[in-house]
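A short write-up of the structure that comes next.
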Amino acid sequence: MVASRLLRPASRLLSTHRPFISPSKSALQPAASLPTLVNARRYATPSGVKEVAVRDALNEALAEELEANDKVFVLGEEVAQYNGAYKVTKGLLDRFGDKRVIDSPITESGFCGLTVGAALAGLHPVCEFMTFNFAMQAIDQIINSAAKTHYMSGGIQPCNITFRGPNGFAAGVAAQHSQDYSSWYGSIPGLKVVAPYSSEDAKGLLKAAIRDPNPVVVLENELMYGTHFPMSEAAQRDDFVLPFGKAKIERPGKDLTIVTLSRCVGQALTAAEQMKKDYGVEAEVINLRSVKPLDVEAIVKSVKKTGHLMAVESGFPSFGVGAEILALTMEYAFDYLDAPAVRITGAEVPTPYAQGLENMSFPSEDLIAKYGAKLLRV
Amino acid sequence: MASSVHFPGAVNSKFTTDLAFEQPSTHPAMPTYRVMDSDGIIVDESRKPSDISNEEILKWYKNMLTGTGPPAIVSIMDLIMFDAQRQGRLSFYMVSAGEEGIAIGSASALFPKDVIFCQYRETGVFQQRGFALSDFMNQLFANGKDNGKGRNMPVHYGSSKLNIHTISSTLATQIPQAAGAAYALKIQALQNPNMVPRIVACYFGEGAASEGDFHAALNIAATRSCPVVFICRNNGYAISTPTLEQYRGDGIASRGIGYGIDTIRVDGNDIFAVREVTKEARRMALENGGKPILIEAMSYRVSHHSTSDDSFAYRAKVEVEDWKRRDNPITRLRKWMEHQGLWDDEMEKEARSQIRKDVLKAFAQAEKEKRAPLRDMFTDVYEDLSEESKVQMKELGRLLDEYPGEYDVSEFEGGRKGLDEPAEQ
Ligand SMILES: Cc1ncc(C[n+]2csc(CCOP(=O)(O)OP(=O)(O)O)c2C)c(N)n1
Ligand SMILES: [Mg+2]
C-alpha cells in the first residue's frame, strides 16, 4: 500500500483530498475502532491524563497483549526472573508464568531462531534483545527468515513476530553498544519498523506490532525508558493501538519542517522552542513513529506549507533515515522547497567512549536550532 | 569382517543390535582435577608443585591480592574502582573476585609470546603478563596514555606489547577469532621452522559458550588443527542466568569431546592445578603440528556481574557469603603459603597496605593525565585518514587558530599542536 503511494507521482498524491487512511489496516484489530481512538486521544480531557514512563507504557502493552491473546509469549535474555535488562518485562513472569515469559540462555541466534520458528508455526512471539547491538548475532534470522519466509513460501507460512529492545546510543558504552539500526531494518522488504518516542507511541506501536501479522521491529531507546510523558485516557485503555505508516505532528509550525524519530523528537521540540525564542520562527516537528512504512504524505504536506525540510536522526550519515527522507522529499516535494533540504545525523565515526566526544557524535538541541536558523537564513 | 560401519561420517562405529540411545545421565560427570584442597593442603604429594619457586608463588599471591583481594575485605583495586564508579568518576567497572586463581594460574603457564584473547573478567591475566597498574588506570580513565586512545569502555583492555587482543563487548566473538589467530601462528611456524612455536589462549565465560560463535569456533579449530587453548571460566552465572538455565549437559567440558577436542575440567580455585593443566594443555596444543584443547575451570562469581548489576536480586546473599567463606582461590593459596612458613599476618597486612598505596597512586596519576591529542578524534577509523577527515581536521585547526579564546584545548596532549601530523619516527 505504501509502495503504491510511493510510486505515485507527488502531484497526484497531493491532489487527493480523501482523509488519510491507515496504510496497514491488518495491523489493527479491530481496525474500525482505531480512528475514534486516535481522535479520542487528541481530545482527551486533561483530567484523565496520567504521567507514564516509557518503560511502563511498554510493560503495559506487553501485559495487555499477553492477556488478550494466548498465542503471544515473550522470550529473551533475562526477561523473566530478572524482569528484563531494562525492567521492561517487570512483573510479567509472576503474572503470566514461565510458559509465556521465558528466559533464554545467552544465545541470540538460538532464541531469535526459536522465536522465528515459533512464528512460522503460528504463534505470536515477542523476541526481546538486551540491545539491538546484540541482535546482530541473530540478524540472519530476522532478515533472511522472518522477513522473507511469508513471501518465499508462497504466503503459506505466517510470521507474526515482534523484535524489540533498546536501539541507538546510550551513555558511555562505546562503539559496539551504540549503534542505531533504523536504516538497517528499514531497508528490508517484508519487515515493518517502528521507533517510538513518547509513552503513547511506545504503547500504541508495540501493541500494533504484536497484533500485526508481519514481522515488526520495534526500536526503543534506552535513554528514554525512564522519561515520563502524559498519557491520555484513551491511551490508557487496553484497546489502544497506533497505526503504522502514520507520523504525528508533535508541534505545528509554518516556517520549517523537522522530520525526526525516537529520542531526536524531543530534541527537535526543544530546538523548535529555542528557534522561536531566538529567531521568532515556527518549526513544525514531525515524529515519524514508523520507519517502514514511512509517512511520506505527512512530510510532503508539511513541506508544502513550510518550504523547508530538515531531517534529524542519530544513525550514521550514509544511507540513513535522513538520506531516505531527503530523497523522498526530492522525489515528491521538490517544487515546494525554497532551499535545499538538510539532514542532521550521527557522526561518521565508530561511537567514541569519551563523554565529550560521544556528545558531539550525535545531534544536539543546539545543533538542530543552529542548522534550522542557517537553513532559514535567519 | 563387517562388524564396523565405515560410513564416511563415523568410520570407527561398530554395528550393534542393541537399540539404545545414549543418555547423558548415564555418563558420569567429568571429574574436576585438583592438587590442593580448600584448606591449602596438597591432596596428592606426588602432584606437589615442584617447578615453581617460592618467589614466583609470592608474586602470584600479590597479583591476586591486587586484582581482587580476599573475600572478607573484597578487593583492593576492584574495591577502589567500584567505589570510583559509584562516585561517577568512571562509567562502568567489572570486578573478578573469586576468579583470580583461573586468571593468574593459567597466565603463569603461558609464554610471553603466546597470543591471548580475553572476555572481560580476566584482570589477573593482564596483571600476570605485566600490565602495570598505570596501564589499567589509564584505560579506565580513558586518558591520553591509554593504549586504546580512550575509545573503549572501561575494562576493555588490550596490549600489543603483551600480545593480548583488545577486549570486545560482544560476547563470544573472540572464540572463533582465537582459532583464526592460532591458525595464523601455525602457518607462521610452518613457514619459519626456527621460530619458537606459539599458541593462542582464549578465555570466555560459560554464558558466552551458549553463543553460536563458541560452537563454530570449536569445530573450526578442531578441523583446522589450530594450536589454541580454550579456557572457559565457569563461574555459575551469566549476569542473572544461572548455569542451571544455561545448559543441560555436563558443563562446557562435555562439549569438547563432541568436537573431537582433548578436554579437561579443573578446580579454578586451585591455582596450582590451573597452572599445571594449562602448562600441559600448551604442550599438547603444539603436538603434531597443533590442535585445540579445552579447559573448563570451575569457580564461583563472588562479585556482582558489573557496576550496573545488583546480584542479590537473583541470588541469596548467604549463597555468596557461603562461597566466600567456604572456598576462595586467594585464601587457599594463603593457607598453603602459611603452612610452608612463607607467609604470616604481618606480611599480609604489609602487602595489603602497600598494594592499596600503589593502586591509589596510579589512580590519582591517571585521573590527572591529559586526554588523547586532538588528532586522535580523527585517526584510525581507517588505516589512513580519509579525505573528508583531513578536510575536517584542517577546518578545526583553522577555527582553533582564529578563535583561540573560544576553545580551551589545554587538557589535551600537546594542546593545539596535538592536531598536527606527528613527526615521522
Ligand atoms: C552478544 C551479546 N549478548 C549479550 C551480551 C550482554 N552480556 C554481557 S556479559 C553477559 C554474561 C556473560 O556471562 P559469562 O559468559 O558466563 O561470563 P561472566 O560474566 O560470568 O564472567 C551478557 C549476557 C553481550 N555483551 N553480547
Ligand atoms: Mg559466567
Starting from the residue with the highest accessible area, list B:HIS27, B:HIS215 in decreasing order, probe 1.4 Å. B:HIS27, B:HIS215
Two-site label geometry, B:TYR403 and B:VAL318: point separation in nm, points 7 Å out along Cα→Cβ: 6.5 nm
Out of all DSSP beta bridges with both ends in the range A:197-298, state the antiparallel percent to the nearest 5. 40 percent
Kirkwood Rh, Cα Rg: Rg to Rh for the range A:65-106? 0.94
Quick one: of the DSSP bridges fully inside the protein assembly as shown, what percent are antiparallel, nearest 5? 20 percent
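Roughly speaking, what % of Cα-Cα pairs in the protein assembly as shown are separated by over 52 Å, rounded to a whole number?
Values: 68554 of 322003 pairs.
Counting pairs separated by more than 52 Å, the tail of P(r) holds 21 percent.
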I need the fraction of alpha carbon pairs in the range A:222-310 separated by more than 19 Å, rounded to a whole percent. 45 percent
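Using heavy-atom solvent-accessible surface (probe 1.4 Å) with all chains present, what is the largest-first order of B:TYR300, B:TYR382? Each step should come with its number before you reach the end.
Working: B:TYR300 15, B:TYR382 135 Å².
Ranking B:TYR300, B:TYR382 by accessible area, largest first, yields B:TYR382, B:TYR300.
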Go through the range B:337-383 and flag every residue whose accessible area shrinks by 20 Å² or more with all protein chains in place compared to the isolated chain (probe 1.4 Å). B:MET377, B:VAL381
Which residue, A:ARG289, A:ARG164, A:ARG100, has the most motion in a Gaussian network model of chain A that connects Cα atoms within less than 10 Å? A:ARG100
Could you please put B:ILE41, A:ILE143, B:ILE175 in sequence from largest to smallest accessible area, using a 1.4 Å probe? B:ILE41, A:ILE143, B:ILE175
With R₀ set to 51 angstrom, the calculated FRET efficiency between the beta-carbons of B:LEU342 and B:GLU287, to the nearest 0.05, is 0.90
Nearest-ten-degree value, helix A:263-279 long axis tilted from longest Cα axis of chain A: 20 degrees
Expressed as cubic angstrom per residue, what is the convex hull volume of the alpha carbon set of the range B:31-368? 133 Å³
On Cα atoms only, tilt of A:54-68 relative to the major axis of chain A in degrees: 50 degrees
Report the accessible area of B:SER306, computed with a 1.4 Å probe over the heavy atoms of all protein chains in place, in Å² rounded to the nearest 10. 10 Å²
Which of B:LEU374, B:LEU400, B:SER389 sits farthest toward the positive end of the charge dipole of the range B:373-425, with +1 on the Cβ of Lys and Arg and -1 on the Cβ of Asp and Glu? B:LEU400
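For n ≥ 4 DSSP H runs only, could you compute -39500 (n - 2.57) per run for chain A, divide by its residues and tell me the 222 nm figure to the nearest 500?
-10500 deg cm²/dmol
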As a percent rounded to 5, the proportion of antiparallel DSSP bridges among beta bridges in chain B is 15 percent
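Based on the Cα gyration tensor of the range B:267-349, what are the three equivalent ellipsoid semi-axes, each the root of five times an eigenvalue, rounded to whole Å and given largest first?
On the way: eigenvalues 178, 109, 19 Å².
The three semi-axes for the range B:267-349 are 30, 23, 10 Å.
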Mean projected area, convex hull of alpha-carbon positions in the range B:370-418, reported to one decimal in nm², is 3.3 nm²
Explain nothing, just the number: dipole magnitude of the range B:373-425 about its Cα centre with +1 on each Lys and Arg Cβ and -1 on each Asp and Glu Cβ, in debye rounded to the nearest 20. 160 debye
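Could you please state how large a percent of the accessible area of the protein assembly as shown is carbon and sulfur, counting protein chains only and using a 1.4 Å probe? Kindly include the intermediate steps, with their values, before the conclusion.
Numbers: 19560 of 35910 Å².
Heavy-atom surface of the protein assembly as shown belonging to carbon and sulfur, 1.4 Å probe: 54 percent.
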Rounded to two decimals, what is the ratio between the C-alpha radius of gyration of chain A and 2.2 N^0.38 Å? 0.95
Between helix A:321-333 and chain A, what is the angle of the helix's C-alpha long axis to the longest principal axis, kept within 0 to 90° and rounded to the nearest 10? 50 degrees
Is it possible to state the helix-based mean residue ellipticity at 222 nm for chain B, with each DSSP H run of 4+ residues giving -39500 (n - 2.57), the sum divided by total residues, to the nearest 500 deg cm²/dmol? What is it? -12000 deg cm²/dmol
Cβ-defined net charge surrounding A:ASN59, 10 Å radius [Lys, Arg +1; Asp, Glu -1]: +1
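The values are calculated or read from the model by the stated rules, or taken from the named source; none is laboratory data. Small disclaimer: the values here were computed from a predicted structure and weren't measured. Note: ideal-geometry Cβ built from the backbone for every residue, glycine included; neighbour counts use all protein chains shown. For the accessible areas, the whole protein counts, side chains as well, though only heavy atoms, and no ligand, DNA or RNA atoms are used. Shrake-Rupley method; radii C 1.70, N 1.55, O 1.52, S 1.80 Å.
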